[in-house]
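Here is the structure we will look at.
The values are calculated or read from the model by the stated rules, or taken from the named source; none is laboratory data. Just so it is clear, the structure is predicted and the values come from calculations on it, not from any experiment. Neighbour counts are summed over all protein chains in view; Cβ atoms, including those assigned to glycine, are modelled from backbone coordinates with ideal geometry.
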């Protein structure tokens, strides 16, 4: 056959390799398309999860804080720009709990310039005597102010706000700084936060066994390093004595345990697993905490200090001598705590 002649069409059944090769690109496009669809679906799921967390977070922060529209933060005064001191009060509000006495009292100063904090814990039985106020045990102030406000005819919310304001003033006088906000969290909130993070690892320093049928207390912890759920962690920080009088624990020991647990929670919150549970944590707090800080400022606080670790927090437990019915604070230790809080404010 000459070179110029036309080729005959292939016989029926002959292989056509050229056409087979042309069919591969559509398959590749199909794989890429499937991958993109899956990726898009994954992004939608992540976006939905984030939206849920944001929704729950905003809802919780609105519950925790005050009305954003009623408080205007002056320029340069936001917690994102200036150090702030906050009073932290823990109430035993269980069904058979201790009423309005604050079994946990701390003052925390957080500084955005150094992304660090100093936390001073106050023994509950400390004798506090500052100008303008009747001397009392530290844990009695909030209840006294609240009950006084109620007797004057204030509604519950207003009485709570009045009590927080007076506690801030008392603690500000005690430490020589301006305490700008007060956060009140009940014991159930503490337990819920621990549970939301999947428990907390601590070193239980002694055998803890104590029961009280009147308030429902049933503490039963073995000594040693272990992961505690919310209720057990609460037992750990509350433990004071055993029924047989053998393993006794002071308020100073309680304060050290409180600092240990808070430090462990801070580290766990910073971890990947903790960050993934942020929505649950904030929701747990939102159901159990009230704070006289605007909701937007609470959000700024979370954003500013979310990455903080235990090494960025200095815990200072006040010490003293027990002479019934008071703990008389050690003046040297108190002065050191004052200096530390003031230094953190000035960084």
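Could you tell me whether the range 294-302 includes any residue that is within 21 Å of residue 192 (Cβ to Cβ), assigned by TED's automatic domain parsing to the domain that holds residue 74, modelled with pLDDT under 80 and crowded, with 18+ Cβ neighbours inside 10 Å?
Scanning the range 294-302, I find no residue that is within 21 Å of residue 192 (Cβ to Cβ), assigned by TED's automatic domain parsing to the domain that holds residue 74, modelled with pLDDT under 80 and crowded, with 18+ Cβ neighbours inside 10 Å, so the answer is no.
Could you count how many residues in the range 332-347 are touching a helix residue (DSSP H, G or I) at 6+ places or on another chain (Cβ under 8 Å) and not in a helix (DSSP H, G or I)?
Counting residues in the range 332-347 that are touching a helix residue (DSSP H, G or I) at 6+ places or on another chain (Cβ under 8 Å) and not in a helix (DSSP H, G or I) gives 0.
Looking for something loosely packed, with under 15 Cβ neighbours inside 10 Å, on the phi < 0 side of the Ramachandran plot, in contact with a strand residue (DSSP E or B) (Cβ under 7 Å, 6 or more places away or on another chain) and without any contact (Cβ under 8 Å) to a residue 60 or more places away in the chain - is there at least one such residue anywhere in the range 310-328?
The answer is yes; a qualifying residue exists.
Which pairs do you get when a residue that is under 18 Å from residue 165 (Cβ atoms), found in the range 79-91, comes within reach of a residue that is modelled with pLDDT of 95 or more and assigned to a loop (DSSP other than H, G, I, E, B), reach meaning Cβ atoms under 8 angstrom, with the pair 6+ apart or on two chains?
84/180; 85/177; 85/178; 85/179; 85/180; 86/179; 86/180; 87/179
Looking at the range 139-218, what strands (runs of 3 or more DSSP E) fall wholly within it and have at least 1 residues that are assigned by TED's automatic domain parsing to the domain that holds residue 245, surrounded by fewer than 19 Cβ atoms within 10 Å (Cβ to Cβ) and at pLDDT 90 or above? Spell out the reasoning first.
Values: elements: 181-186, 200-204, 208-212.
Qualifying strands (runs of 3 or more DSSP E): 200-204, 208-212.
Which helices (runs of 4 or more DSSP H) sit wholly inside the range 229-277 and have at least 3 residues that are at pLDDT 85 or above and under 27 Å from residue 325 (Cβ atoms)? Break it down stepwise before answering.
Working: elements: 230-238, 251-270, 272-276.
In the range 229-277, the matching helices (runs of 4 or more DSSP H) lie at 230-238, 251-270.
Of the numbered conditions (1) over 29 Å from residue 74 (Cα atoms); (2) modelled with pLDDT under 80, residue 325 satisfies every one except a single condition; which is it?
(2)
Check off (1) under 28 Å from residue 306 (Cβ atoms); (2) touching a residue at least 12 places away in the same chain (Cβ under 8 Å); (3) out of contact with any strand residue (DSSP E or B) (no Cβ under 6 Å at 6 or more places or on another chain) for residue 253 and give me the number that stays unchecked.
It is condition (1) that residue 253 fails.
Is it the case that residue 224 is surrounded by fewer than 17 Cβ atoms within 10 Å (Cβ to Cβ) and touching a helix residue (DSSP H, G or I) at 6+ places or on another chain (Cβ under 9 Å)? Please lay out each step first, then the result.
Details: surrounded by fewer than 17 Cβ atoms within 10 Å (Cβ to Cβ): yes; touching a helix residue (DSSP H, G or I) at 6+ places or on another chain (Cβ under 9 Å): no.
Answer is no for this residue.
Tell me yes or no: at least one residue of the range 73-85 is at pLDDT below 85, in contact with a strand residue (DSSP E or B) (Cβ under 6 Å, 6 or more places away or on another chain), at negative phi and in the same structural domain as residue 340 (by TED's automatic domain parsing).
Checking the range 73-85: not a single residue is at pLDDT below 85, in contact with a strand residue (DSSP E or B) (Cβ under 6 Å, 6 or more places away or on another chain), at negative phi and in the same structural domain as residue 340 (by TED's automatic domain parsing).
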